[in-house]
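**Student:** For reference, the structure I am asking about is given below.
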Amino acid sequence: MISDFAFLISGAGLICLALFRLATSADLLMRVLGLNVLAIGIAMVLLVSARGAEGTDAVPQAFTLTGIVVLVGVTAALLALAERVAEARDE
Amino acid sequence: MSDISLIVLLPLLAAVLTAALPRQAAAIGTLATGLNAFLAANLGRQILHSGTVTEAIGDWTAPLGITFDANGLASVMLAMAAIVGLAVSLQAAAGPARAGFWPLWMATLGALNGLFLSSDLFNIYVAFEILGLAAVGLTALAGTRASLRAAFDYLTAGLVGSLLVLLGIALSYSVTGRVDMEAVAMLTQSDTGRIALALIAAGLVVKAALFPLHFWMPGAHSSAAPAASALLSALVVKGALYLVLRLSLEGGAGTEFLRNTLAVLGAGGMLWGAWNALRAERLKLLVAHSTVAQIGLIALAIGVAGNPLETGLWQAAALLMLSHALAKAAMFLAVGRIAEALGHDRISGLNREELRPGPAEFAFAIAAISLVGLPPTAGFIGKWFLIEGLIDKGGIHWIALILLGTALSAAYLSRVVSRCLRGGPHVSATARRPPWRTGDVAALGLATGALLLGLAAALPISLLETPFA
């Protein structure tokens with residue numbers, strides 16, 4: 001149970017750090033990274049919530065998986081947009 | 001396959017087709033929009049006739065399976081998306097073809113329809129992701145640096161919003177063990193449940209661009225192309241607002257703290273949006289800030305509706321969503337035409353000698369009348385319901401705030417209308433009129449729709465009155 005608690009606290013800590021970064025940083029790459037950290041923090045919280053006395057529950061794990069898929073797609077879109085913004089700045 | 005799943009599937013299939021066949025995209029897209037309008041009308045008729053229609057996809061019932069739930073509120077929202085979609089498709093099919101518009105718009109429509117019908121929180125999250133990505137694409141379509149930057153900010157804010165929603169949904173699953181709408185009423189019973197509900201609400205507030213988390217929105221809505229702006233402002237933000245209303249109806253209104261916060265934020269948005277619209281120098285920015293104000297008004301209506309939701313007040317919120325969608329889409333299409341005719345969209349430059357006001361200016365004026373809420377428009381009916389309900393309840397301070405917001409909206413909209421429609425000595429005798437374009441027809445059609453809807457408000461109201469499942 002101690003390890004569960006440690007996971008929960010570090011997940012919540014990551015979420016807070018990421019939200020702080022996202023709110024204060026103007027750098028595009030920093031914000032993409034912030035979003036990734038936020039998603040990882042949330043995934044950690046979800047995975048801890050899946051662990052119970054009678055084994056693990058598959059549903060939060062499926063949520064996490066969906067979250068990862070969405071994150072990969074959105075990160076790709078964000079990086080493409082950031083590149084286009086930089087190109088438009090150079091012109 | 002029933003009508004309900006078809007109305008979600010059809011636009012998504014059309015999105016794939018329009019992406020695969022870019023040359024026929026306009027024809028396929030327009031056809032799909034027309035079919036979608038037909039299906040939405042048919043579904044509405046069915047609901048009026050026999051009440052809420054439910055479908056469990058693949059015969060898997062809740063809590064394990066996903067249910068589609070076509071109730072009166074969902075049907076009004078479907079009709080809203082269908083009507084605005086028809087007008088925007090008309091404008092886009094006639095205008096210069098932008099590669100990518102049709103697949104993105106079709107995906108937006110499919111995601112919206114799925115969102116309106118779905119009774120499963122996780123399915124709603126997926127619909128939000130499709131909606132968010134498609135909407136970001138629509139923003140970036142203009143290709144200018146401002147629009148790309150706005151799209152980046154939009155996607156970042158949207159992702160933070162949906163991650164908060166996901167966290168809330170996961171937390172609600174760990175409390176209740178289910179993710180369908182039945183879970184919402186259980187959530188209000190425990191502290192952890194209320195935290196889950198608050199997380200979902202916070203995510204939705206970001207997505208709906210409710211004050212003070214609207215920072216990403218004016219830039220995105222003002223830098224996109226006119227057809228895209230109309231879709232974003234009229235429909236996409238409504239997705240999140242609809243879900244806020246739906247969650248309150250399903251029992252979420254039991255959390256008094258959230259309800260009060262929503263009303264206060266709504267009032268703040270109404271005043272802040274109006275203040276910024278008064279100071280805006282560009283026409284598109286003025287319209288975008290007016291969306292911030294109108295979203296505030298709708299959120300206020302949902303927030304003050306009480307628990308259990310009082311009929312008049314929550315119906316006012318739904319009617320205001322509908323009327324705002326029609327008026328705001330008309331306004332953005334009209335602004336697109338005005339900017340095209342003038343070559344710029346500075347408000348100070350709307351006084352001109354060489355060009356007489358044309359149909360676009362007229363459409364803008366009618367849409368403005370509906371947004372302010374003068375009779376006989378749809379906006380008037382919505383505000384009437386809202387104020388009448390508040391008088392019964394004794395919420396006199398809310399009424400004062402709504403009236404202040406209304407006065408401010410009249411003030412900022414007349415900045416444009418007075419400049420556009422003024423004749424007199426400063427218009428030279430040889431001034432020409434701008435020629436008619438399809439965009440004018442779409443804008444005027446929507447504005448007339450907002451006007452007529454006020455006269456035919458009995459139809460959406462009777463849809464809203466069909467009992468909830």
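Each reported figure results from applying straightforward, stated rules to the coordinates on display, with no laboratory input. Keep in mind that what you see is a predicted model, and the values were worked out from it rather than measured. Cβ coordinates were reconstructed from backbone atoms using ideal geometry, including for glycine residues, and neighbour counts include every protein chain displayed.
**Student:** Compute for the stretch B:244-343: radius of gyration divided by Kirkwood radius, i.e. Rg/Rh, restricted to C-alpha atoms, rounded to two decimals.
**Tutor:** On the way: Rg = 15.8 Å, Rh = 14.4 Å.
So for the stretch B:244-343, dividing Rg by the Kirkwood Rh gives 1.09.
**Student:** So how compact is the stretch B:78-166: Cα radius of gyration and Dmax in angstrom?
**Tutor:** For the stretch B:78-166, the Cα-based Rg and Dmax read 13.9, 40 Å.
**Student:** With +1 assigned to the C-beta of every Lys and Arg and -1 to the C-beta of every Asp and Glu, and no other charges, what is the dipole magnitude of the stretch A:2-90 about the Cα centre in debye, to the nearest 20?
**Tutor:** Working: 5 positive and 7 negative charges, 32 e Å.
Charge dipole, the stretch A:2-90, about its Cα centre: 160 debye, nearest 20.
**Student:** Gap in Å between the Cα centre of the stretch B:200-263 and the Cα centre of the stretch B:23-101?
**Tutor:** 20
**Student:** Using the C-alpha gyration tensor of the stretch B:3-464, what are the square roots of 5 times its eigenvalues, in whole angstrom, with the largest one first?
**Tutor:** Values: eigenvalues 230, 130, 80 Å².
Ellipsoid semi-axes (Å, largest first): 34, 25, 20.
**Student:** Shifting gears a bit: For peptide B:146-158, what's the mean number of Cβ atoms from other chains within 10 Å of each residue's Cβ? Walk me through the intermediate numbers first.
**Tutor:** On the way: counts 2, 3, 10, 7, 2, 5, 10, 3, 1, 8, 9, 1, 1.
Taking all residues of B:146-158 together, the mean is 5.
**Student:** If the cut-off is a Cα-Cα distance under 25 Å, which lysines reach B:Lys238, setting aside same-chain residues fewer than 8 apart in sequence?
**Tutor:** B:Lys207, B:Lys284, B:Lys328, B:Lys383
**Student:** Right, something else. Could you tell me what a quarter of the Cα convex hull surface of the stretch B:263-312 works out to, in nm² with one decimal place?
**Tutor:** Working: hull surface 13.7 nm².
In nm², the orientation-averaged hull projection of the stretch B:263-312 is 3.4.
**Student:** Here is a further query. Between the stretch B:141-192 and the stretch A:1-74, what is the separation of their alpha carbon centroids in Å?
**Tutor:** Between the Cα centre of the stretch B:141-192 and that of the stretch A:1-74, the gap is 13 Å.
**Student:** Continuing with this model, one more query. Determine how many Å³ per residue the convex hull of the Cα atoms of the protein assembly as shown encloses. The partial results should precede the final answer.
**Tutor:** Values: hull volume 81.2 nm³, N = 560.
In the protein assembly as shown, the Cα hull volume divided by residue count equals 145 Å³.
**Student:** Okay, moving on. Students often check this: by mean Cβ neighbours within 10 Å, which of B:196-203, B:15-22, B:135-142 ranks highest, and how do the rest follow?
**Tutor:** Output ranking for B:196-203, B:15-22, B:135-142: B:135-142, B:196-203, B:15-22.
**Student:** I would also like to ask the following. What are the residues whose amide H is under 5 Å from the amide H of B:Asp120, where those residues sit 5 or more places off or on another chain and H is modelled from the backbone?
**Tutor:** Sorted by chain and number, the residues that satisfy this are B:Thr67.
**Student:** Any idea what % of Cα-Cα pairs in the stretch B:336-421 are farther than 19 Å?
**Tutor:** Numbers: 1762 of 3655 pairs.
When all Cα pairs of the stretch B:336-421 are counted, 48 percent exceed 19 Å.
**Student:** Moving to a separate point now. What chymotrypsin sites (Phe, Trp or Tyr not before Pro) in the stretch B:257-298 are in a loop by DSSP, with at most 12 other Cβ atoms within 10 Å of the Cβ? Could the numbers behind the result be given before it?
**Tutor:** Numbers: sites: B:Phe257, B:Trp272, B:Trp275; in loops: none.
Answer by residue number: there is no such site.
**Student:** With the Cα gyration tensor of the stretch B:168-306 giving a ≥ b ≥ c as the square roots of its eigenvalues, does the rule (a/c under 1.5 for rounded; else a/b larger than b/c for prolate; else oblate) give rounded, prolate or oblate?
**Tutor:** Details: a/c = 2.87, a/b = 2.02, b/c = 1.42.
Prolate is the answer for the stretch B:168-306, as a/c is 1.5 or above and a/b outweighs b/c.
**Student:** Still on this structure: How do B:Lys393, B:Lys328, B:Lys238 line up, fewest other C-beta atoms within 10 Å first? List each step's numbers first, then the result.
**Tutor:** Working: B:Lys393 16, B:Lys328 30, B:Lys238 26.
Sorted ascending by nearby Cβ count, the order is B:Lys393, B:Lys238, B:Lys328.
**Student:** Can you list the trypsin sites (Lys or Arg not before Pro) in the stretch B:147-194 that are in a DSSP coil and have 14 or fewer other beta carbons within 10 angstrom? Display every interim value, and only then the final one.
**Tutor:** Numbers: sites: B:Arg149, B:Arg178, B:Arg194; in loops: B:Arg178.
Listed in order of number, the matching sites amount to none.
**Student:** Continuing with the same structure: Through the Karplus equation 6.51 cos²θ - 1.76 cosθ + 1.60, θ set to phi - 60°, convert the phi angles of the stretch B:5-14 into ³J(HN,Hα) values in whole Hz; use x for Gly and Pro.
**Tutor:** My calculation for the stretch B:5-14 gives 6, 5, 5, 8, 6, 4, x, 5, 4, 4 Hz in order.
**Student:** May I pose another question? Grab the other residues whose beta carbon is less than 15 angstrom from that of B:Ala301, score K and R as +1, D and E as -1, and report the net. Working shown, then result.
**Tutor:** On the way: positive: B:Lys238, B:Arg246, B:Arg259, B:Lys383, B:Lys393; negative: B:Glu310, B:Glu388, B:Asp392.
Computed value for this residue: +2.
**Student:** May I pose another question? In units of 2.2 N^0.38 Å, what is the alpha-carbon radius of gyration of the stretch A:2-90? Don't jump to the answer; show the numbers that get you there.
**Tutor:** Details: Rg = 15.8 Å, N = 89, 2.2 N^0.38 = 12.1 Å.
Its radius of gyration relative to the 2.2 N^0.38 Å reference: 1.31.
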